[in-house]
Amino acid sequence: MMADERKCLLSSAQLNKHEKHKKPNNTVTHGGIELARQKTIFVCQNCGYKAPKWLGRCPGCGVWNSFVEELTEIAHQDRGRRQHPLVRPQRIDKVAIEKEVRQKTGLSEFDRTLGGGVVPGSLVLIGGDPGIGKSTLILQVVQRLAKRGLRTLYISGEESVQQIKMRAERISADSSELYLLSGTCLEDVIDRIDEISPRIIVVDSIQTIFTDSLSSAPGSIGQVREVTNRLMNLAKVSGIAIFLIGHVTKDGAIAGPKVLEHSVDTVLYFEGDGSHMYRILRSVKNRYGPTNEIGVFEMMDNGLEEVGNPSRIFLEERSMDVSGSVVIPCMEGSRPILVEIQALVCDSSLAIPRRTTIGVDPNRVSLLAAVLAKRGGVNLSDKDIFINVAGGIKIDEPAIDLGIISTTASSFLNKPIARNTVIFGEVGLSGEVRGVSQTELRLKEAVKLGFSRSLISKKSIKILKGKIDMEVIGVSSIQELLEVVF
Ligand SMILES: [Zn+2]
């Protein structure tokens, strides 16, 4: 009797097991016919609502276009177990710090932007507008690394290997350690990576690569995110340094590099507009070094060339003794760069006068114009103001405030600012002039380029330690500034 019961229990357990095996909870049955195993699910990025297929509007929160395809939990668990080696917690005093070995590319502008070279096992995203020269830059970089004996694989989903070769010939990139591969399927690509075991990989571009495990189109948020996560995994497990190229879409949001910024180690943006020869590589995130470092390049027929002294270039075409022009030493990462800021103030025919800017924040300019009107007595309420940073560089630091104020006043009064003068400092709403960081470094750069006079905040003068070989004038308010300058 007891044995029978056990047998019965056993068989029911077996039956249950069988049932479970036959019908795992991620299998869809339809009219008794088992359909393919469903591995992905669409998740609302706003509220987390899950749906088996894509929906235009989320039933959970009512937001439009918020669904992104993701792998289901089960698929994720399978993958996770296979790829992660077992790690144990370690006592902090037992953790050995390995000195990271950086690989220098020899392109010093690029190395500096990365924080001193390429870190093995790092995932670096290079973003920028299409056609700005990202592929050219990275090809030049990996060609140098390959020449140093590091096996490199350049994977392109956009060009054939012949096209890459032609581009490489233009910039005379040629090395026996540089491999080219044209492909778009991540799984295929990873097989090829195993075959040649490179130390450096380039993926051009992340938007063209897709994984088989998701059904959504290449370039969609789900795909881009999943492919990036897998490449990140590959980089960490194998120690291969991977460069991803990502195109910024106009609105920056849809599958643009913005989505990826948090899941990679380093984000570099390649900036500049088509009409200028200069390109700026800027680090906006760096797990292995300082951010906001920049590298300056010049686009030539045979590729990008480093610009060793950017200040000289940005001031090269400065016009002589014209009103509405001033030079500012601004900090880009750890180094000072001198740029010219131009202003044009003219009568407005509009009810609301324009505040148009290139290279600086228009809101900042509106604010400074208001301060100049109220505290400096310069009436700009019926004037259009145009501000331009010469050379196509973008500046985002408060040190330019005083420069913007001076150049705007200069254009309004039609009186040029002395050519030998640099002006910088932050301006508050009550018209007070505040000190900014790295005053000494900025002044030294100005001296190096032949400037002999500077206007800065009074407080900054007190903290100057070294001897500066120029006339340094301190001002505490914009009224004082206007008196000294004009
Ligand atoms: Zn929702």
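The values are calculated or read from the model by the stated rules, or taken from the named source; none is laboratory data. Computed from a prediction, not measured in an experiment: that's the story for all the values here. Positions of Cβ are backbone-derived with ideal geometry, glycine not excepted, and every protein chain shown enters the neighbour counts. Accessible surface is based on the protein model in full, side chains and every heavy atom, while ligands, DNA and RNA are left aside. Shrake-Rupley method; radii C 1.70, N 1.55, O 1.52, S 1.80 Å.
Figures for the structure shown
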| quantity | calculated |
| --- | --- |
| Residue in region 403-411 that is surrounded by fewer than 24 Cβ atoms within 10 Å (Cβ to Cβ), over 18 Å from Asp321 (Cβ atoms) and among the aliphatic types (A, V, I, L, M) present | no |
| Test result for Thr136, in a helix (DSSP H, G or I) and open to solvent by 20 Å² or more (accessible area, probe 1.4 Å) | yes |
| Residues satisfying the stated conditions in region 271-300, i.e. in contact (Cβ under 8 Å) with a residue 24 or more places away in the chain and not in a strand (DSSP E or B) | Gly272, Asp273, Gly274, Ser275, His276, Arg287, Tyr288, Gly289, Pro290, Thr291, Asn292, Glu293 |
| Residue that is nearest to Ile417 (Cα to Cα) [pool: residues in region 453-475 that are in contact with a strand residue (DSSP E or B) (Cβ under 6 Å, 6 or more places away or on another chain) and of a type in the set (Ser, Thr, Tyr)] | Ser454 |
| Glu158 modelled with pLDDT under 90, open to solvent by 70 Å² or more (accessible area, probe 1.4 Å) and within 27 Å of the chain's Cα centre (by Cα) | yes |
| Filter result for Arg442 (of a type in the set (Lys, Arg) and within 23 Å of Asp396 (Cα to Cα)) | yes |
| Residue match in region 322-329 (condition: in a strand (DSSP E or B) and open to solvent by 60 Å² or more (accessible area, probe 1.4 Å)) | no |
| Filter result for Gly392 (open to solvent by less than 30 Å² (accessible area, probe 1.4 Å), out of contact with any Lys or Arg (no Cβ under 7 Å at 6 or more places or on another chain) and assigned to a loop (DSSP other than H, G, I, E, B)) | yes |
| Close pairs from region 205-223: first under 20 Å from Ile242 (Cα atoms), partner assigned to a helix (DSSP H, G or I) and open to solvent by less than 10 Å² (accessible area, probe 1.4 Å), Cβ under 6 Å, at least 6 apart | Ile206/Val224; Ile209/Leu186; Ile209/Val227; Phe210/Gln223; Thr211/Leu186; Thr211/Val227 |
| Check on Gly48, modelled with pLDDT under 85, over 30 Å from Phe297 (Cα atoms) and open to solvent by 70 Å² or more (accessible area, probe 1.4 Å) | no |
| Positions within region 234-278 being at pLDDT below 80 and buried (at least 22 other Cβ atoms within 10 Å of the Cβ), in sequence order | Ala255, Pro257, Leu260, Gly272 |
| Pro336 being of a type outside the set (Lys, Arg), in a loop (DSSP other than H, G, I, E, B) and open to solvent by less than 70 Å² (accessible area, probe 1.4 Å) | no |
| Qualifying residues in region 64-97 (those that are within 12 Å of the ligand (Cβ to nearest atom) and either open to solvent by 50 Å² or more (accessible area, probe 1.4 Å) or of a type in the set (D, E, K, R) (or both)) - the one modelled with the highest pLDDT | Trp64 |
| The lone exception for Ile164 - which of (1) within 27 Å of the chain's Cα centre (by Cα); (2) closer than 19 Å to Ser238 by Cα it fails | (2) |
| Region 412-423 - residue that is in contact with a Lys or Arg (Cβ under 9 Å, 6 or more places away or on another chain) and open to solvent by 10 Å² or more (accessible area, probe 1.4 Å) and, of those, farthest from Thr357 (Cα to Cα) | Asn420 |
| Conditions (1) modelled with pLDDT of 90 or more; (2) crowded, with 18+ Cβ neighbours inside 10 Å; number of the one not met by Glu226 | (1) |
| Qualifying positions in region 355-389 - closer than 28 Å to Ile132 by Cβ and either of a type in the set (Lys, Arg) or open to solvent by 40 Å² or more (accessible area, probe 1.4 Å) (or both) | Arg355, Thr356, Ile358, Asp361, Pro362, Asn363, Arg364, Phe386, Asn388 |
| Restricting region 446-479 to residues that are without any contact (Cβ under 8 Å) to a residue 24 or more places away in the chain and assigned to a loop (DSSP other than H, G, I, E, B), the residue that is farthest from Val339 (Cα to Cα) | Lys467 |
